[in-house]
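Undergrad: Got a structure for you, questions after.
Derivation of every value follows stated rules applied to the coordinates shown; laboratory data play no part. None of the values given here were measured: they were computed from a predicted structure. Cβ sites come from the backbone with ideal geometry, for glycine too, and all protein chains shown count toward neighbours.
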């Protein structure tokens, strides 16, 4: 798989996650009503930072179980070596085995600065985070289940594996787009086409259905309904012409 260029990733970051979804649903072979995005509620604790885009690196934790530190004391350094080996930008996707009784955080001021140095732009944590202001100051964004005070016995259990986060399976190398709405998981075979698809669908809306609605001043109800119907028809025609076959352009 060819990774997207840094310029392409910056362009993807210009749009919110629902806009990227609008393009993704045109090119995916998956069910756009159920696949690809989080199925459980997430919380964006740094919405002012806007969207984040990066490739998934994965880790599993279990802060309630202190045995992990005893049985694998080198796991921390081994995990960091794995993260460092992957080209950035990266988003750390963390499965917390303590869910739903989350008691400790893998994330705080130290780990956010450490992972920022390793090329990570943020994390999606199916558990808790802490030190929100310090994480923000480090330029490290996080979506998580909640906040907490302590780190408990947090230690990497396993990494570079599939994880399940907020009801969605994420594999290493998946492209993630995330913001205050949630996150979208873009599989490797969809990544090459996602930017153009999102760009097209955004322009399609801006050229048809949105101006039809915003230019409604002074129209009668019948004229407005006709205008909206025509714009919707044009929007659909444009979409069908662009994406003539499922998954093909």
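Undergrad: Could you grab the relative contact order for the range 6-189? Cα pairs under 8 Å, six or more apart, rounded to a whole percent.
TA: Once divided by the residue count of the range 6-189, the mean separation gives 34 percent.
Undergrad: By count of other Cβ within 10 Å, fewest leading, how are 69, 241 ordered?
TA: Placing the least packed residue first, the sequence is 241, 69.
Undergrad: Fewest Cβ neighbours within 10 Å first, please rank 96, 202 accordingly.
TA: 202, 96
Undergrad: Moving on to the next point. Label points 7 Å out from Cα along the Cβ direction at residue 81 and residue 241: separation in nm?
TA: About 5.7 nm separates the two model spin labels.
Undergrad: Provide, for q = 0.10, 0.17 Å⁻¹, the log10 of I(q)/I(0) from a solvent-free Debye sum over equal Cα point scatterers in the chain.
TA: Result of the Debye calculation: -0.53, -1.20.
Undergrad: Additional query: Could you work out how far helix 75-85 tilts from the main Cα principal axis of the chain, as a 0 to 90 degree angle to the nearest 10?
TA: Here the helix axis deviates by roughly 40 degrees.
Undergrad: Which of these, 112, 221, 74, has the largest mean-square fluctuation under a Gaussian network model of the chain (Cα springs below 10 Å)?
TA: 221
Undergrad: How tilted is helix 221-242 with respect to the longest principal axis of the chain? Cα atoms for both, answer in degrees (0 to 90, nearest 10).
TA: Rounded to the nearest ten degrees, it is 60.
Undergrad: What is the spin-label model distance, in nm, from residue 97 to residue 230 if the labels are put 7 Å beyond Cα along the C-beta direction?
TA: For residue 97 paired with residue 230, the spin-label model returns 6.3 nm.
Undergrad: Compute the separation of the alpha-carbon centres of the range 96-136 and the range 215-244 and state it in Å as a whole number.
TA: The range 96-136 and the range 215-244 have Cα centres spaced 45 Å from each other.
Undergrad: Give, in nm to one decimal, the length gained when the segment between residue 206 and residue 43 is fully stretched (0.36 nm per residue of separation minus the Cα-Cα distance).
TA: Going from the current span to full extension adds 55.8 nm.
Undergrad: Follow-up. Can you tell which of 47, 156, 172 shows the greatest fluctuation in a Gaussian network model of the chain with Cα springs below 10 Å?
TA: Comparing 47, 156, 172 in the GNM, the peak value goes to 47.
Undergrad: On to the next question. Fully extended, how many nm does the chain gain between residue 137 and residue 161 (0.36 nm per residue separation, minus their Cα-Cα distance)?
TA: Residue separation times 0.36 nm, minus the Cα-Cα distance, leaves 5.7 nm.
Undergrad: Test of understanding: what is the full-extension gain from residue 64 to residue 213, defined as 0.36 nm times their sequence separation minus their Cα-Cα distance?
TA: That works out to 48.3 nm of additional length.
Undergrad: Ratio to report: Rg/Rh of the range 78-175, with Cα atoms as the point set and Rh obtained by the Kirkwood method; give two decimals.
TA: The Rg/Rh ratio comes out at 0.92.
Undergrad: Go ahead and estimate [θ] at 222 nm for the chain from helices alone: -39,500 (n - 2.57) per DSSP H run with n ≥ 4, summed, over the residue count, rounded to 500.
TA: Here the helix-only value at 222 nm equals -11500 deg cm²/dmol.
Undergrad: Counting pairs of alpha carbon atoms under 8 Å apart in space and at least six apart in sequence, what relative contact order in percent does the range 88-195 give?
TA: Computed over the range 88-195, the figure is 25 percent.
Undergrad: Then there's this: Order of 210, 103, 61 from fewest to most other C-beta atoms within 10 Å?
TA: Ranking 210, 103, 61 by Cβ neighbours within 10 Å, fewest first, gives 210, 103, 61.
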